[in-house]
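For reference, the structure discussed in these notes is given below.
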Amino acid sequence: MSFRFGRTGRRAHARLLSFYAAFFFLSTTLLPAGVIRGTVTDTSGATVTGATVVLMNGAKYVNKTVSTADGSYQFVTGQAGRFSLVITAQSFRQLDVPAFYAGASDSVERNLVMEPEWVHQSIVVTATGTPTPQQQTSAATSVLTQLDLALRENFVDALRLMPGTVSTQTGETGAQTSLFIRGGPSDGSKVLLDGVSVGDMGGRFDFGPLATTGITSAEVYRGPDSNLYGADAGSGVAAFSTVKGTASSPTLRLAGDLGNFTTEHEIAELSGTHKTFDYYSAFSWMQTTNSLPNDEFHVATAAGNFGWQPMASTQIRGTVHYGVDATGVPNAWEFYHVADDATQKDQDLFISGSIDNQTTPDFHNSVRYGGTRKREQYWLWQPSGQLIEYAYSPTYGGSYAYFGNSVTFTGANGYTASGRAMLDYPGTYPEESPTVSNRDEADYQGDFRFTPHVIGLIGFRFEEERGLGLSYITFDPVTTERTNYDYLASVHGDFKGRLFYTLGGSLEHYSLFGVQTSPRAGLSFYALKPRRGIFSGTKLLANFGEAVREPALTEQFGSLYEFLSSSGFLSTAQALHISPLAAPTTRTYEAGIEQDFFSDRLIFRSNYFHNEFGKQIESVGGALLPNLIPGLTAAQQQQLETALGYYYTEDLGLYVNSEAYRAQGIETTVEGGIGHSIFLRGGYTWLEGVVQRSFDSDNEALAGGYEPTYNGIPIGALSPLKGARPFRIPPNTGFVSASYAGKRWTLISTAAFASRSDDSTFLEYEDISGGNSLLLPNRDLDHGYANINIGGSFQWLKLLAIYGQAENLASDQHIAPIGYPSLPFNFRVGLRLRLGKGSGE
C-alpha cells in the first residue's frame with residue numbers, strides 16, 4: 001500500500017513538522033532542566049581546584065566535570081534519580097559520598113569536602129549544630145568511623161580510643177559501663193542517637209549492653225555544651241548515627257561468629273534505595289557465659305532507618321532502635337568469692353522522626369520528634385552466702401546477714417584487707433528494683449547563611465519526662481513528671497578562612513531546678529595556613545563554656561528535701577530553707593594548638609583544659625546533716641534531727657548539693673598515614689582532679705561522726721576526701737591504633753592504657769563485726785592496665801569474607817575497678833556474606 005500527497009497535503013505536513021520542531025526547541029529552552037552544583041573545599045575551607053567530580057545515577061555513570069578556580073562545579077542533568085558524587089584530586093581523599101534524590105527539573109546544591117590523603121578528618125555536628133569540617137571548629141571532637149566499629153559488638157573498648165575519655169566497666173561483657181569525659185562525673189555526658197537524647201532522666205547511661213548494630217559512627221565532643229543540647233551535656237556529648245541505605249538495589253548482609261566463653265554473635269542487615277526512598281534494617285543477637293558464676297549475658301537488638309525525599313529540598317526520615325538484654329550481676333567477686341543470684345534486665349526503645357527542608361539556598365529548617373522508653377529491672381532472686389549474726393549497731397544490737405567467704409584482697413597501692421564481707425540481707429525474695437525513664441521531645445532548629453562566612457542558628461526544644469523509681473521512705477515505686485524547655489541561639493563562621501569562631505547561649509527552663517543560662521564561645525586561628533612543606537599548618541584554639549545537669553531519679557527520690565516533704569515535715573524544710581536539689585554545674589576553660597607536618601601527612605594536637613564542677617550531688621549520712629547545713633541554730637539542728645528520725649540515728653544517706661571539685665589536664669594526639677591504606681593514631685591524656693568540698697567524707701570527724709581510717713590513713717568510704725582525686729578516673733590514660741585497609745585484607749590493632757586510680761571498696765560497716773576493716777586507702781586503689789586488641793577480615797570470595805577479633809591479649813583482669821575481675825583473653829571468628837548487585841555501599 002502506498003500514499004501520495006498532493007500540494008495541500010505536503011504543505012500541511014511541512015507545517016506539522018515545523019510545529020513539532022518549534023515545540024521541541026521551546027521545551028528544551030524554556031522548561032527548566034535539573035542542575036546539580038556546588039563547591040569543592042578542603043577541611044580548612046580553602047577551595048580545591050582541578051578536582052574531578054563524577055556524577056552517578058544509581059550504578060550508572062552520568063557525566064564528569066572538573067572544579068574551577070573558585071572550586072565550583074556544575075552538572076545539567078535533565079533526569080530524575082538517586083544521585084551520588086565521587087571526587088578525586090591529587091593529595092586529597094573524599095570525606096564522604098553524598099547520596100540524594102533529585103527530580104528532572106530540581107536545582108540541587110551539594111558542597112563537597114575533601115580531607116588530606118594520609119590523615120582522617122570528619123564532618124562533625126556536635127561542635128556547631130550544623131555539619132562542619134573538624135578543621136573549621138575549635139571544639140575537641142573525635143569520631144569513631146564504621147571501620148573502627150566494624151569488628152566490635154559493643155562500645156566499651158571503642159570509647160577508650162579517644163583522648164580525655166575513660167570507659168569503666170564494673171565486670172565482664174554486658175556489665176554496667178560508665179563514660180567519664182575530662183574528669184567529669186559518669187552522668188555528666190549527654191548521649192544522643194540520631195539527635196535524640198537517650199539517657200536516663202538525669203543523664204545516666206549504661207554503655208554495657210549497647211550494641212554497635214545499626215550504628216555507622218560515634219562522635220564524642222569533649223567539653224560542656226548545654227548551649228546546643230540542654231541539661232546533662234555537662235562534660236561532653238556522645239552522638240551516635242544510624243546507618244542509611246545507599247545501594248541502588250536491595251543488599252543483604254549476613255554475619256555470624258563464635259568464640260570462647262560460649263560466645264556467639266549473629267547479625268542480618270537489609271538495605272538499599274528505590275527512587276525517592278532509602279531503607280536500612282538490622283537484627284542482631286549476642287550471648288556469652290563470661291568467666292564468672294551467674295554472669296551470663298545476652299542482648300537482642302533491632303534497628304531501622306527509613307527515608308523519603310519527595311523533592312530535592314525536603315527529606316523525611318524515621319529511625320528506630322530496640323534492645324532487650326539480660327545480664328547476671330554476680331557483684332564484686334573478689335570481695336566475696338560468692339556470686340549474687342541477681343539479674344538485670346533492660347528494654348530500651350529509641351525512635352526519631354525528622355523533616356529537613358532547604359527552604360532557600362541559604363535557609364535550612366529541621367523539625368524532629370524523639371521518643372525514649374527505658375525499662376530496667378534489677379532482680380535479686382535469693383540471698384547468697386552464709387547467714388551469720390553480726391554486730392548491727394549500738395542502738396539495735398546484733399542482727400543477721402548473709403556473708404561471703406573469707407577472702408584477702410590487695411589494692412594496687414599494696415594495702416591488704418582480710419575478712420568476710422556482708423553480701424545480702426534476710427528478707428522476702430525475690431526483690432525487685434524497677435527504674436523507668438520515658439521521654440518525648442520535640443525540637444526545632446533553623447540555620448541561615450547570612451554570607452558564605454557567617455551562619456546563624458536558632459532552636460527550641462521541649463521535653464516531657466516521666467520516671468519511676470523506689471522511694472527512700474517506703475521502698476515502694478513512686479513516679480515523677482518533668483516538663484522542660486530550652487531556647488538556644490548561636491552563630492559560627494570565619495574571617496578570610498583564617499579565624500573561625502562559635503558564639504552562643506541558651507536559656508533552660510526545667511521543672512525540677514528552675515531557670516539556668518549556658519553560654520559558650522570558641523575561637524580557632526590559623527597562625528600558619530595549610531600549605532605544602534614540613535610545617536604545613538599551625539592552628540591555635542580557645543574555648544569557654546558552661547553547662548548544667550538535671551538530677552537523676554535516684555537523687556530526686558533520695559534527696560533530703562524529698563525525704564522531709566514526703567515524711568510530713570515539709571514545714572520543717574521550709575523553715576530551715578532546705579530546698580529541692582539544684583542543678584549541678586560545669587564551667588570549662590580550654591586552649592590548644594594543632595600542628596600539621598609534611599603536607600598534612602601528620603597532625604599533632606595538644607589541648608589544655610580546666611573544668612570546674614560545682615553543686616555536685618552526693619549522699620550524706622543523716623547524722624552529719626544537722627551539723628553541716630550552714631546557719632542552723634542548736635534548736636534548729638534538734639528540729640532537723642527529730643524530722644530525720646532513724647535516718648539520723650542510723651546515719652543513713654540522703655542526697656544534697658554539697659560536693660565540688662575541679663579537673664585540669666592536657667590532651668595530646670598524633671595521627672597520620674602511610675600511603676592510602678595504613679592509618680596510625682595515638683593519644684595521651686594527663687588529668688589532675690581535686691575534690692574541693694565533700695560533706696559526706698571529709699567533714700565526718702569535725703561533725704562528731706565516725707571517720708574510717710586504715711592504720712591512721714583517713715578513708716573516704718563512699719566518696720573521695722577533700723583534696724583527693726575523684727574515684728575511678730586515672731590521672732594518666734593513652735591509646736594507640738593502627739589500621740590497614742586493602743582490597744582484600746583489613747587489619748585493625750588497638751591498645752588502651754591507664755595508670756592507677758583512686759577508688760573505694762565501699763564496704764563501710766560491712767565486715768562481720770559491723771566495722772570498717774574491709775576498707776582500704778583510696779589513693780591508687782584501682783590497678784593500671786593495658787587492654788590490647790587485634791582484629792581483621794579477609795575477602796575470600798566476592799560475596800564471602802572471613803573475620804575475627806581477639807581482645808585483651810594480655811589477659812589483664814584488672815581493667816575493671818577493684819573487686820570486679822575483667823574478662824580475660826577472648827576471641828571470636830566468623831563469616832560475612834553479602835548478597836546484592838547494588839552499588840553505593
Inset, instruction - Give me a count of the residues in segment 515-558 that are touching a residue at least 60 places away in the same chain (Cβ under 8 Å) and within 30 Å of SER619 (Cβ to Cβ). - result: 16
Inset, instruction - Tell me which residues, restricted to segment 821-835, are within 9 Å of LEU800 (Cα to Cα), modelled with pLDDT of 95 or more and of a type in the set (Lys, Arg). - result: ARG832
Legend entry - Condition broken by ASP443, with the remaining ones in (1) under 30 Å from SER399 (Cβ atoms); (2) buried (at least 20 other Cβ atoms within 10 Å of the Cβ); (3) charged (D, E, K, R) satisfied: (1)
Inset, instruction - Using the structure shown, decide if ASP443 is among the charged types (D, E, K, R) and either in contact with a His (Cβ under 8 Å, 6 or more places away or on another chain) or not in a strand (DSSP E or B) (or both). - result: no
Inset, instruction - Please specify each residue of segment 310-331 satisfying the condition of being crowded, with 23+ Cβ neighbours inside 10 Å, part of a strand (DSSP E or B) and of a type in the set (S, T, N, Q). - result: THR319, THR327
Inset, instruction - Confirm whether ILE215 is in contact with a Lys or Arg (Cβ under 8 Å, 6 or more places away or on another chain) and open to solvent by 10 Å² or more (accessible area, probe 1.4 Å). - result: no
Legend entry - Residues located in segment 158-192, provided they are open to solvent by 20 Å² or more (accessible area, probe 1.4 Å) and in a strand (DSSP E or B): GLN169, SER178, PHE180
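Residue-by-condition table, conditions (1) hydrophobic (A, V, I, L, M, F, W, C); (2) more than 15 Å from GLU688 (Cβ to Cβ); (3) at pLDDT below 95:
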position	(1), (2), (3)
ASN711	no, yes, yes
GLY716	no, yes, yes
PRO720	no, no, yes
ALA724	yes, no, yes
PRO731	no, no, no
VAL736	yes, yes, no
ALA752	yes, yes, no
ASP758	no, no, no
Legend entry - From the options TYR655, TYR647, residue that is in contact with a strand residue (DSSP E or B) (Cβ under 9 Å, 6 or more places away or on another chain), under 30 Å from PRO580 (Cα atoms) and open to solvent by less than 20 Å² (accessible area, probe 1.4 Å): TYR647
Legend entry - Filter pass, LEU776 being touching a Gly at 6+ places or on another chain (Cβ under 6 Å), buried (at least 19 other Cβ atoms within 10 Å of the Cβ), of a type outside the set (Phe, Trp, Tyr) and in a loop (DSSP other than H, G, I, E, B): yes
Inset, instruction - Within segment 260-307, track down each residue that is assigned to a strand (DSSP E or B), surrounded by fewer than 22 Cβ atoms within 10 Å (Cβ to Cβ), modelled with pLDDT of 95 or more and among the aromatic types (Phe, Trp, Tyr). - result: TYR279, PHE283, TRP285, PHE306
Inset, instruction - Go through (1) more than 22 Å from GLY371 (Cα to Cα); (2) in contact with a Ser or Thr (Cβ under 8 Å, 6 or more places away or on another chain) and name the single condition GLY318 misses. - result: (1)
Inset, instruction - Please enumerate the residues belonging to segment 722-762 that are in contact (Cβ under 8 Å) with a residue 60 or more places away in the chain, of a type in the set (Gly, Ala, Ser) and either outside any strand (DSSP E or B) or open to solvent by 30 Å² or more (accessible area, probe 1.4 Å) (or both). - result: ALA738, ALA741, GLY742
Inset, instruction - Just one of (1) surrounded by fewer than 24 Cβ atoms within 10 Å (Cβ to Cβ); (2) touching a helix residue (DSSP H, G or I) at 6+ places or on another chain (Cβ under 6 Å); (3) modelled with pLDDT of 90 or more trips up LEU144, so point out which. - result: (3)
Inset, instruction - Restricting attention to segment 611-644, report how many residues are within 30 Å of TRP686 (Cα to Cα), open to solvent by less than 40 Å² (accessible area, probe 1.4 Å) and of a type outside the set (S, T, N, Q). - result: 4
Inset, instruction - Could you give me the residue pairs with C-beta distances under 6 Å whose first residue belongs to segment 407-423 and is part of a loop (DSSP other than H, G, I, E, B), whose second residue is exposed (fewer than 15 other Cβ atoms within 10 Å of the Cβ) and small (Gly, Ala, Ser) wherever it lies, and which are 6+ apart or on separate chains? - result: ARG420/SER406
Legend entry - Number of the condition not met by PRO630 [criteria: (1) of a type outside the set (A, V, I, L, M, F, W, C); (2) more than 27 Å from ALA724 (Cα to Cα); (3) free of Cβ contacts under 8 Å to residues at least 40 places away in the same chain]: (2)
Legend entry - Residue match in segment 423-446 (condition: closer than 30 Å to ARG498 by Cα and not small (Gly, Ala, Ser)): yes
Legend entry - Every pair of residues 6+ apart whose Cβ atoms lie under 9 Å, when the first sits in segment 665-676 and is surrounded by fewer than 16 Cβ atoms within 10 Å (Cβ to Cβ) while the second is of a type in the set (Gly, Ala, Ser): HIS676/ALA741
Inset, instruction - For segment 218-259, name all the residues that are open to solvent by 30 Å² or more (accessible area, probe 1.4 Å) and in a strand (DSSP E or B). - result: SER241, LEU252, ARG253, LEU254, LEU258
Inset, instruction - Have a look at GLY199, GLY184, GLY195 and point out the one that is more than 12 Å from the chain's Cα centre (by Cα) and either modelled with pLDDT of 90 or more or under 28 Å from TRP745 (Cα atoms) (or both). - result: GLY184
Legend entry - Among residues of segment 64-87, those that are surrounded by fewer than 19 Cβ atoms within 10 Å (Cβ to Cβ) and either on the phi > 0 side of the Ramachandran plot or not in a strand (DSSP E or B) (or both), counted: 6
Legend entry - Of all residues making up segment 338-376, the number that are at pLDDT below 95, of a type in the set (Asp, Glu) and either outside any strand (DSSP E or B) or surrounded by fewer than 17 Cβ atoms within 10 Å (Cβ to Cβ) (or both): 1
Inset, instruction - With respect to PRO434, determine if the residue is out of contact with any helix residue (DSSP H, G or I) (no Cβ under 7 Å at 6 or more places or on another chain) and open to solvent by 60 Å² or more (accessible area, probe 1.4 Å). - result: no
Inset, instruction - Say whether the condition of being basic (Lys, Arg), closer than 23 Å to ASN543 by Cβ and under 26 Å from the mean Cα position of the chain (by Cα) is met by at least one residue in segment 459-468. - result: yes
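The values are calculated or read from the model by the stated rules, or taken from the named source; none is laboratory data. These numbers were taken from a predicted model, which means no experiment stands behind them. Counting neighbours? That spans all protein chains shown, and the Cβs are built from the backbone with ideal geometry, glycine included. Each accessible area value is taken on the protein alone, full model and side chains, heavy atoms only, with ligands, DNA and RNA left out. Shrake-Rupley method; radii C 1.70, N 1.55, O 1.52, S 1.80 Å.
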